[in-house]
Amino acid sequence: MRKVYMVSGGITKFVKASPEKNFQLMVKDAFDYAMKDVPKLNKDMIDGCVASYFSDHFARQLMAGIMVQDYLGLCPKPGKRIEGGGATGGLCFQSAYEAVASGRMEVCVAYGFETMSHVETWKGNEFIALASDTNYDYPVGGFYSGYYAMMVVRHMHEFGTTREQLAKVSIKNHRNAYYNPYSQKRMKITVKDVLNSEMVAWPLTRLDICTMSDGAAVCILASEKMAEKLTDKPVLITGVGTGTDAMRMADRPHGNVMLLPHEKASDYKNLKYPGVHSFRAGRAAAKQAYEMAKITNPLKELDVIELHDAYTSSEVQTYEDLGLCKYGEGGKFVEEGYPFLPDIDYGLNLPKQGVLPVNPSGGLIACGHPVGATGLMQAVFMHWQVQGSIKKHFGDDKLQVKNAKRGLIHSHAGTGTYVTATIMERGF
Amino acid sequence: MANGENKKSPKLEETMEGNILYNLDPIIMKYHYEIDYIHSYAQDSPFFAGLVKGKIMGTRCDKCNYGYATPKTHCMQCGSPTKWVEVPLEGKVHTWTTCYFGGEAFLKETPFNLVLVEFEGFDSLFLSRLIGAEQKDIKVGMKVQARFRRKSKFDPTDVYFVPA
């Protein structure tokens, strides 16, 4: 396979509702931003596109992808749509990677969007719950927050994870968002605020859960030859991994942990895995990406992570899937401060503050989750982190992880059915 | 009659069926969409038929003996066909939550409890509602007993659980 670089990215600010712009125009805004960032690139040099959006129900439109591609003026070039629930963006990014790696394209545009404001919030929750088995799961009380709540209740039972530990993820991500002009929920909050916020599904409150949003994001990927021509700050994609698991949580096996190089089978003697407490797909994705990027100790070898924190609980579970700590230690990992940024005052005592910043952007919790755009948003933020260009794009370098050379992005679909992990490194 | 009076200019029929507008700039309006599906439970039909008879029908793999408390008609482990078997009507709470919100269709039922139930001799779990217990009463590992609706809906809510 050929080397693949990300050369540019753009996003719209995610908002609760964007009735003044339709999905074509939102993507166009993000696309124009990305094109402006690499002035040597013109449309003739683009070989094709991959579209990312999750729901035909939200779009009220089939084949919305082609409507974006024609709006961008990129017909009759190749194009297709990728769909995989919450991981749609991550899968789309990897599909664009494949197009360039295989030699089919020199330059490929991955674009994503979602227009979730087109229905009321609780109808939206119903649509999302249709991404669970509609024979067996949805009719019982289809509600994603309920599904994730059940997963974290088992995590708490298995490992002693606490609500206070989950709350610290919320504090971190809302606080980081202060310095990200693209975020929509900037809050200085305490553990108490999170615990006392309105209960949605025990133990998850409103402040543990991301917001449905409207928004778009665009990533431009290129071959080595084109990357050299287009930018002096290309970001090399050194690892891609994708994992899957059964749609019904009831069907998840209770077997052995899929070990990473720094773990031993004896670490998990009595653990039945993944059950419903962990995301096997996340571990599988990470394992492949690490092998490809030759990472053996992710905590030491990664500088920054943007991961799919649709729930504070899933961020904690994902620390473990990614092997930043052992299974069961995710709660302690956040409590001790590892995933916080080093130079921000969170109002917490964090002895290990800033070891490996996770979601410096504020993540889904603070930026929002317009599903098809989300995984690409992470790639855009990571692109800027690894380029060292956060100040240029945010107008402030508070969130710039110093000397960030290698980062991981992680995209995750419904209860851990599809998960992608992608490693991005400085290519200059 | 004069010639000119016979000529009618073509016109679209006017109706009273206008749209509901919420805003003018940009124009935001209500758009209604509804559909009835012709849905088949296909090879899973014995499960839903079983609920009507007060049984939870699961499956078991002929070859590797993996037990599915929520049926799979082929084994996810080895790919062999499975046979229909009865799941015990008593199990334990594997995990649970109390939902205070829900998808629109379920909002009126809140708060409600969801449980994944584990059964002796079965490898996979079963998603259901737990009735007759509040958030503070529910624990992982507590024993629960299946009950069935008298008026079946032919969906998985025909069975629910209560504390044993």
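The values are calculated or read from the model by the stated rules, or taken from the named source; none is laboratory data. These figures come from a predicted structure and were not determined experimentally. Here the Cβ is made from the backbone with ideal geometry for all residues, glycine too, and neighbour counts use every protein chain on show.
Of all residues in the stretch B:28-46, those satisfying the criterion of being in contact with a strand residue (DSSP E or B) (Cβ under 7 Å, 6 or more places away or on another chain) and among the hydrophobic types (A, V, I, L, M, F, W, C) are B:28, B:29. Is one or more of the residues making up the stretch A:150-163 outside any helix (DSSP H, G or I) and surrounded by fewer than 21 Cβ atoms within 10 Å (Cβ to Cβ)? The answer is yes; a qualifying residue exists.
Look at the stretch B:23-41: where a residue is at the interface with another protein chain (Cβ under 8 Å from one of its Cβ atoms) and a partner is basic (Lys, Arg) and part of a loop (DSSP other than H, G, I, E, B), sitting 6+ places away or on another chain with Cβ atoms under 7 Å, you get B:31/A:60. Among the candidates A:62, A:74, the residue that is within 14 Å of chain B (Cβ to nearest Cβ), of a type outside the set (Ser, Thr, Tyr) and not in a helix (DSSP H, G or I) is uniquely A:62. The set of residues in the stretch B:49-70 that are in a strand (DSSP E or B), of a type in the set (Gly, Ala, Ser) and within 18 Å of the chain's Cα centre (by Cα) contains only B:58. Count of the stretch A:225-253 residues, restricted to those that are buried (at least 24 other Cβ atoms within 10 Å of the Cβ), assigned to a strand (DSSP E or B) and aliphatic (A, V, I, L, M), is 2. Just so you know, in the stretch B:66-98 the residues that are aliphatic (A, V, I, L, M) and within 9 Å of another protein chain (Cβ to nearest Cβ) include one that is surrounded by the fewest Cβ atoms within 10 Å (Cβ to Cβ), and it is B:76. Taking each residue of the stretch A:249-263 that is under 20 Å from residue A:323 (Cα atoms) and at pLDDT 95 or above and looking for partners that are surrounded by fewer than 16 Cβ atoms within 10 Å (Cβ to Cβ) and among the hydrophobic types (A, V, I, L, M, F, W, C) with beta-carbon atoms closer than 7 Å, six or more apart or interchain, yields A:259/A:265.
Just one of (1) more than 15 Å from residue A:360 (Cβ to Cβ); (2) assigned to a loop (DSSP other than H, G, I, E, B) fails for residue A:186. It is (1).
For the stretch A:108-127, the set of residues classified as crowded, with 22+ Cβ neighbours inside 10 Å and more than 8 Å from chain B (Cβ to nearest Cβ) consists of A:108, A:109, A:110, A:111, A:112, A:113, A:114, A:115, A:116, listed by residue number.
Among the residues of the stretch B:143-162, those that are among the aliphatic types (A, V, I, L, M) and buried (at least 17 other Cβ atoms within 10 Å of the Cβ) comprise B:144, B:146, B:159. With respect to the conditions (1) under 30 Å from residue A:227 (Cα atoms); (2) within 8 Å of chain B (Cβ to nearest Cβ); (3) not small (Gly, Ala, Ser), residue A:143 lacks only one, and its number is (1). Scan the stretch A:186-206 and give yes if some residue there is surrounded by fewer than 24 Cβ atoms within 10 Å (Cβ to Cβ), within 14 Å of chain B (Cβ to nearest Cβ), within 30 Å of residue A:396 (Cα to Cα) and of a type in the set (Val, Ile, Thr), otherwise no. Checked the stretch A:186-206: no residue is surrounded by fewer than 24 Cβ atoms within 10 Å (Cβ to Cβ), within 14 Å of chain B (Cβ to nearest Cβ), within 30 Å of residue A:396 (Cα to Cα) and of a type in the set (Val, Ile, Thr). Are any of the residues in the stretch B:123-146 of a type in the set (Gly, Ala, Ser), at negative phi and within 9 Å of chain A (Cβ to nearest Cβ)? Yes, the stretch B:123-146 has at least one match. Scanning the stretch A:35-59 for residues that are out of contact with any Lys or Arg (no Cβ under 8 Å at 6 or more places or on another chain), buried (at least 24 other Cβ atoms within 10 Å of the Cβ) and in a loop (DSSP other than H, G, I, E, B) yields a single hit, A:54.
Evaluate the stretch B:108-115: report whether one residue or more is hydrophobic (A, V, I, L, M, F, W, C), under 23 Å from residue A:151 (Cα atoms) and touching a residue at least 24 places away in the same chain (Cβ under 8 Å). Yes, some residue in the stretch B:108-115 is hydrophobic (A, V, I, L, M, F, W, C), under 23 Å from residue A:151 (Cα atoms) and touching a residue at least 24 places away in the same chain (Cβ under 8 Å). Just one of the listed residues (A:63, A:45) is more than 22 Å from residue A:377 (Cβ to Cβ), of a type outside the set (Ser, Thr, Tyr) and in contact with a strand residue (DSSP E or B) (Cβ under 7 Å, 6 or more places away or on another chain), namely A:45. Remark: residue A:338 falls outside the filter, which requires a residue to be touching an Asp or Glu at 6+ places or on another chain (Cβ under 9 Å) and within 19 Å of residue A:175 (Cβ to Cβ).
Can you tell me which condition residue B:60 does not meet? The list is (1) within 13 Å of chain A (Cβ to nearest Cβ); (2) surrounded by 18 or more Cβ atoms within 10 Å (Cβ to Cβ), and all the others hold. Only one criterion in (1) within 13 Å of chain A (Cβ to nearest Cβ); (2) surrounded by 18 or more Cβ atoms within 10 Å (Cβ to Cβ) is unmet by residue B:60, namely (1).
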